[in-house]
Amino acid sequence: MREAAVISQPNPLQRIPGVAIVLVLLIALFSVIAPGFLSVANLSNVLVQSTILTMLALPMTLIIMTEGLDLSMGAVLTLTSLCVAIVSLATKSMLLGLGAGLLVGATFGVANGWLVAIIGIPPFVATLGTLGMAQGLSLIVSDGQSVVGIPHSVRDIYSATLLGIPVPVVMALVTYAAFHGLLYHTRFGTYIFALGGNREALRYAGLSPNRLLIAVYAIGGAMAGIAGLLMTARMNSGHPTAGLGLEFDAIAAVAVGGTSFERGNGWLLGTVLGVIAVGVLRNGLNLISLPSSVQVASVGVLVILALFLDGLRSRA
Amino acid sequence: MSDGLPIEVTLPTPLLELRGISKEFPGVKALDDVSFAIYPGEVHMLLGENGAGKSSLMKVLCGAYRADAGEFYHKGERVAISSTADAQKLGIAVIFQEFSLVPYLDIAQNIFLGREPKGRIPGTIDRHRILADARRVLDTIGFDIDPSTTVDKLGVAQQQMVEIAKAISQNARILVMDEPTAALSDRETELLFALIARLKADGVAIVYISHRMAEVFALGDRITVLRDGRRIDGVRPADVTPDQLVRMMVGRNVDMTYPRNFADKPGEVLLEVKGLTAPTGIFDINIEVRRGEIVGLCGLVGSGRSEVARAIFGADPVTSGEIIFDGKTISGEPDLAARRGIALIPESRKSEGLALLRSVSDNLVVSALKKLFPSGLFDQRSAQRTADGLIRQLRIATPSARQTVGLLSGGNQQKVVIGKWLAAGSKLFIFDEPTRGIDIGAKSEIFALIDRLVADGAAALMISSEQIEICHVCDRAYVMREGRIAGHLTRSELTEENIVRLGMHHA
Amino acid sequence: MTDITKGAIVPPRSFLSQDAVQLFYRLLAALLICAVLAVLSDSFLSLGNILNVLRQASLTFFIASGLTLVVLTAGLDLSVGANVALSACIAGTIIHKTGSPALGILTGLACGGIVGLLNGIMVTALRIPSFIATYGMLWVLNGLTYWYMAGETLHGFPAGFRQIGSGYLFGLPIPVYLLLVFLGIGTLFAQRTIWGQEIYAIGANPVAARLSGIPVARRLLLVYAVSGTMAGLASIIFLSRLNSAEADIGESLTLPAIAAVLIGGTSLFGGVGTVFGTFIGALILTLVLNGMNLLSVSANWQPLVTGIIVILAVWLDMKTRRRAQ
């Protein structure tokens, strides 16, 4: 069988141009129209500000690869951020705060996974419901007020550096490495491809798709917990609308990054580039003094464009 | 041996033997006391019409279904197959028509899905070993390809090879193949046959389901024929003729005729297709259909028959060419074609023809809403009156017009699909495999219905894989091959032999 | 005739249609909640509170009625709340600038309708799944609204205009009359027109609908446009009731509207449901929230409860569906 010769290049190579072109175009555009965009201070600012989004977008990639979606991520992050703030305030311990955030986040993740996998509710509605629940709980635990006066140990995480690199960036890099290893080098990662690509294949191999699916959503929730710590550190407070709409930026990054909403075709590096693209877009618009509302709208347009192109590609 | 076939006396102990397997579903006896034996190194052909029990038997074999009654013997020892894991342990693997591959994993990961070699860190995969193992398995079946290629890059034939490699890697000694050549080109088919010969030589037993007579005789060592869930006979290819096999499958004389009053003189031209080319893979199609005619459209599965039907109906886009219906050119979406009087009765009635959860009445009037209610105001009672009329006219067996259509039998569902176009007053009926999955009694009813339609001045274009039906029912037929019209057969030329000759790849 | 014998063993559908039974259960639930609240709270049965419940329910209903049609086609419109906000802000500006409520109302309806049409175009022409397309639209609209308002609040509208949301006629709030009118129109449209029938058919099986000659793309455009227009209508009533417009008024509207549709028995999977059911759904949701209010539960609990209700409603729908199949 000499048919191997007709096989084309690996897919990621074909896909790089999509995100890369978007990113290069955005950087080129803002270099010209936004004074100060290309400064080292600003660019590192973009990177630091992209860290929270990275921590949401990476697990979102896995979730979307299973033909799922997690609309609750931003609201869960809000809740975990508040939990971190409240617990660390009460115990003066950053680690206990992080623990609380992780626990609450993972609980929501498991709940999402349970609703999607076991009950069989379509992911966008199940997570819309848990979005409401997380939002409600945030209002209840905070009584609609900011939680202030949190310990320095929490706040310092955002501003500290390790070997000259900001700690949030280090955390994002470690997260990326962990997700890369998880998706491409473990059995679990292999099964994530199968969850979106061919669930029957998993059943034939004697594996339980439901448990895997719950695990994927649980990872999303737990990551929202860690990101919640960063959010609290960044704002030096817990705020009941802190994570509003962050899930949308995460979905945008995943979509721009070339992960397909069908058939389990995911690409983690693309997601990271997508996160930076969203960060550059917001930062650039900010520099030319356009309000955050315009940033929100343009990210919306970006997503619709990316999905449209994704649709074209999968039909071609 | 319970069946006492003389040939089996001389054979060694069967690799696997099934005795008295029965499987019942609500209202249907899918398998009824089926016994058969599989020997090492043989290709065992499984033949039968749609619904004869082939796929049920296959699912029982691989543990997806649990038999209600019966026994399994593996190398003479009694065993139980009650799960896919049991079947795997016995070395049974099934190559389904719908592959069980994951598109964005590579070949090695697919072959060893769920059985990945463990790496040093817990949870990780030993990448070197999985590639080397995959390489070795691919070598044993003679498939020369890089195991780190992702499966979405592979063609159908290559994917099938990966499936077979996966089965071999699980030490499968019994390979069940369900119409493996259905989607393959001739060259790919040859390669598959070469592989099957190789596996046979290694002592692997192959259970092969096929609808192609040529394959049955070229490959088969033994043939088991199923009909209505029962084993009809077990024979050697040398001892039977194709005609005898067909008779066993259908259980009646092959040349049973369907009711048909052939028109002496067809009416005026209703549909004229000129040079139709579409991106779905049809080229320069020229077809003419007259009132009072049933025109057949045949050819192999995948030759572009359904694509022609969909293009005429506007369901798929068209690159070039002209469709003239009733004297006027049409182009556009299905709603336009339907309004002009074209009806499409699609191949998969459940997914494309009906809203299964809605009532018979809802389904019957859906295409005729504008005609029945020109004011735009819908009236449930008047809709039901129309539906009741159609139910009587078509003799649809349903307790009432309000019955959920998904609860009807296949034949009655098909009548509902036809009925909705009757209500719409269509003039040209395009049937795509109108008798698929319908039992024989209902079949002749459907044909009688089509006959009445054209006798009343309508016309029909009928796609069917059952050449016998085309020969008996059609006034004339077009034969397609690889997306083109390969030839036209008049009533007198219309024989199975001619259809096959024109439809074959190297005719 | 083997088929006839097969058909005969299938049990016939019960005398009452499945839809009617489902509606009956929901009405019962609404009455039960009323009874419980009447016992728990003295003020529940006061005329003022009942009228208040009806008025609240009508606001949810306006958004949810259009949304019902979208959900009937197995789609979803997550942008309705943001649409209300943008339409209200634009309509408010027009009224302020021109002094003409009529012009403002028209602009609000048109703005809502255009947004809906854009949603429809994304779903049909660009073939983006509806939940994600309208979710993108939600953020586009939010961005536009905040940018347009730039933190300002519009205040004070003509007294006549304010009557729409706050006025009374024969002792009943005017929104309640509007509710009855649109309940009637919606029911007529869904049950008694051929477009309504086609919408049900599309939801039940979009492929079969297209191959049955239904112009699916055009009907979907219509459905999303209607949903948007109803959001526009809701924006007018909000504007007139609140007598002010702010960029954030739509944020807490989408989830309750979806909840009302789902509680009302419209299936997320399309083809099943009624506009009247959505009215009951809006009523049940309002009663629950009103009851929490009367029992002095903090308003902070509302999103949590609404979220739980959404999930329970879908769960219920799936259970009844599984039984039906």
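The values are calculated or read from the model by the stated rules, or taken from the named source; none is laboratory data. What you see is a predicted model; the values in this text were computed from it and never measured. Heads up, the Cβs are rebuilt from the backbone with ideal geometry, glycines too, and the neighbour counts pull from every protein chain shown.
On the basis of being touching a Cys at 6+ places or on another chain (Cβ under 8 Å) and in a helix (DSSP H, G or I), does A:GLY97 make the cut? Judged against the criteria, A:GLY97 is a match.
Restricting the first member to the range B:111-125 and to residues that are on the phi > 0 side of the Ramachandran plot, and the second to residues that are in a strand (DSSP E or B), the beta-carbon pairs closer than 9 Å and six or more apart or on different chains are B:GLY123/A:THR186. Listed by first and then second residue, the pairs with beta-carbon distance under 6 Å, at least 6 apart or on different chains, first residue in the range A:26-44 and farther than 25 Å from A:VAL170 by Cα, second in a loop (DSSP other than H, G, I, E, B) and modelled with pLDDT of 90 or more, form an empty list.
Among the residues of the range A:250-257, is any modelled with pLDDT under 90 and either within 14 Å of chain B (Cβ to nearest Cβ) or in contact with a strand residue (DSSP E or B) (Cβ under 6 Å, 6 or more places away or on another chain) (or both)? Within the range A:250-257, none of the residues are modelled with pLDDT under 90 and either within 14 Å of chain B (Cβ to nearest Cβ) or in contact with a strand residue (DSSP E or B) (Cβ under 6 Å, 6 or more places away or on another chain) (or both).
Just one residue in the set C:ASN300, C:ASN290 is surrounded by fewer than 22 Cβ atoms within 10 Å (Cβ to Cβ), under 26 Å from C:SER43 (Cα atoms) and more than 12 Å from chain A (Cβ to nearest Cβ); that residue is C:ASN290. Scanning the range C:56-114 for residues that are of a type in the set (Ser, Thr, Tyr) and under 28 Å from C:ARG127 (Cα atoms) returns C:SER65, C:THR68, C:THR73, C:SER79, C:SER87. The criterion of at least 2 residues that are over 13 Å from the mean Cα position of the chain (by Cα) and not aliphatic (A, V, I, L, M) is met, among helices (runs of 4 or more DSSP H) falling completely within the range A:205-312, by A:209-235, A:268-287. Candidates in the range A:126-143 are the residues that are in contact with a Pro (Cβ under 6 Å, 6 or more places away or on another chain) and facing chain C (nearest Cβ under 7 Å); of these, the one that is nearest to C:VAL314 (Cα to Cα) is A:GLY132. Name the single residue that is surrounded by the fewest Cβ atoms within 10 Å (Cβ to Cβ) among those in the range B:142-176 being within 11 Å of chain A (Cβ to nearest Cβ) and charged (D, E, K, R). Restricting to residues being within 11 Å of chain A (Cβ to nearest Cβ) and charged (D, E, K, R), the top hit is B:ASP144. Of all residues in the range B:82-131 being part of a loop (DSSP other than H, G, I, E, B) and touching a His at 6+ places or on another chain (Cβ under 8 Å), which is surrounded by the most Cβ atoms within 10 Å (Cβ to Cβ)? Once the filter is applied, the top-ranked residue is B:LEU90. Across the range B:406-419, which residue is farthest from the chain's Cα centre (by Cα) among those that are free of Cβ contacts under 8 Å to residues at least 60 places away in the same chain and either surrounded by fewer than 21 Cβ atoms within 10 Å (Cβ to Cβ) or assigned to a helix (DSSP H, G or I) (or both)? This residue is B:GLY419.
Condition (residue is polar (S, T, N, Q), more than 7 Å from every other protein chain (Cβ to nearest Cβ), touching an Asp or Glu at 6+ places or on another chain (Cβ under 9 Å) and without any contact (Cβ under 8 Å) to a residue 60 or more places away in the chain) applied to the range B:370-392: is it met by at least one residue? Scanning the range B:370-392, I find no residue that is polar (S, T, N, Q), more than 7 Å from every other protein chain (Cβ to nearest Cβ), touching an Asp or Glu at 6+ places or on another chain (Cβ under 9 Å) and without any contact (Cβ under 8 Å) to a residue 60 or more places away in the chain, so the answer is no.
Here the condition is being modelled with pLDDT of 90 or more, more than 14 Å from chain A (Cβ to nearest Cβ), touching a helix residue (DSSP H, G or I) at 6+ places or on another chain (Cβ under 8 Å) and assigned to a helix (DSSP H, G or I); of C:GLY113, C:GLY120, it holds for C:GLY113 alone.
The criterion of being surrounded by 22 or more Cβ atoms within 10 Å (Cβ to Cβ), modelled with pLDDT of 90 or more, more than 24 Å from C:ARG26 (Cα to Cα) and out of contact with any His (no Cβ under 7 Å at 6 or more places or on another chain) holds for C:ALA234.
With a requirement of 2 or more residues that are more than 23 Å from B:THR404 (Cβ to Cβ) and under 16 Å from the mean Cα position of the chain (by Cα), the helices (runs of 4 or more DSSP H) lying completely within the range C:144-207 that satisfy it span C:174-192.
Taking first residues from the range C:220-235 that are within 17 Å of C:THR73 (Cβ to Cβ) and in contact (Cβ under 8 Å) with a residue 40 or more places away in the chain and partners that are of a type in the set (Asp, Glu) and outside any helix (DSSP H, G or I), the Cβ contacts under 7 Å between residues at least 6 apart in sequence or on separate chains come to C:TYR224/C:ASP77; C:SER227/C:ASP77. Could you say whether any residue in the range B:368-383 is part of a helix (DSSP H, G or I), within 28 Å of B:GLU347 (Cβ to Cβ) and within 31 Å of the chain's Cα centre (by Cα)? Checked against the condition, which is being part of a helix (DSSP H, G or I), within 28 Å of B:GLU347 (Cβ to Cβ) and within 31 Å of the chain's Cα centre (by Cα), the range B:368-383 yields no hits at all. When the residues of the range B:422-445 are filtered to those that are hydrophobic (A, V, I, L, M, F, W, C) and part of a strand (DSSP E or B), which remaining residue is farthest from B:SER409 (Cα to Cα)? The selected residue is B:LEU428.
Considering C:LEU78, C:LEU72, the condition of being under 18 Å from the mean Cα position of the chain (by Cα), facing chain A (nearest Cβ under 9 Å), crowded, with 17+ Cβ neighbours inside 10 Å and in contact (Cβ under 8 Å) with a residue 60 or more places away in the chain is satisfied by C:LEU78 alone.
Regarding B:SER55, is this residue under 24 Å from B:GLN160 (Cα atoms), in contact with a Phe, Trp or Tyr (Cβ under 7 Å, 6 or more places away or on another chain) and either part of a strand (DSSP E or B) or in contact (Cβ under 8 Å) with a residue 60 or more places away in the chain (or both)? So B:SER55 fails the test.
Scanning the range B:200-231 for residues that are over 25 Å from B:VAL301 (Cβ atoms) and in contact with a Leu (Cβ under 7 Å, 6 or more places away or on another chain) returns B:VAL204, B:ALA205.
Of the residues making up the range A:144-161, those that are part of a loop (DSSP other than H, G, I, E, B) and away from chain C (no Cβ under 14 Å) are A:SER146, A:VAL148, A:GLY149, A:ILE150, A:PRO151, A:ALA160.
Across the range A:187-221, the number of residues qualifying as away from chain B (no Cβ under 12 Å) and either under 18 Å from A:LEU128 (Cα atoms) or among the β-branched types (Val, Ile, Thr) (or both) comes to 8.
Please identify the pairs in which a residue from the range B:349-362 that is farther than 14 Å from B:GLY410 by Cα and more than 8 Å from chain C (Cβ to nearest Cβ) has its Cβ atom under 7 Å from the Cβ atom of a residue that is at pLDDT 90 or above and not in a loop (DSSP other than H, G, I, E, B), counting only partners at least 6 apart or on another chain. Listed pairs, sorted by first residue: B:SER361/B:ALA383; B:SER361/B:GLN384; B:SER361/B:ALA387.
Scanning the range A:103-124 for residues that are within 19 Å of the chain's Cα centre (by Cα), within 10 Å of another protein chain (Cβ to nearest Cβ) and either among the hydroxyl-bearing types (Ser, Thr, Tyr) or within 18 Å of C:ASP317 (Cβ to Cβ) (or both) yields A:PRO123, A:PHE124. Taking the range B:296-308 as the search range and keeping residues that are of a type in the set (A, V, I, L, M) and surrounded by fewer than 23 Cβ atoms within 10 Å (Cβ to Cβ), which one is nearest to C:ILE214 (Cα to Cα)? In this case the residue turns out to be B:VAL301.
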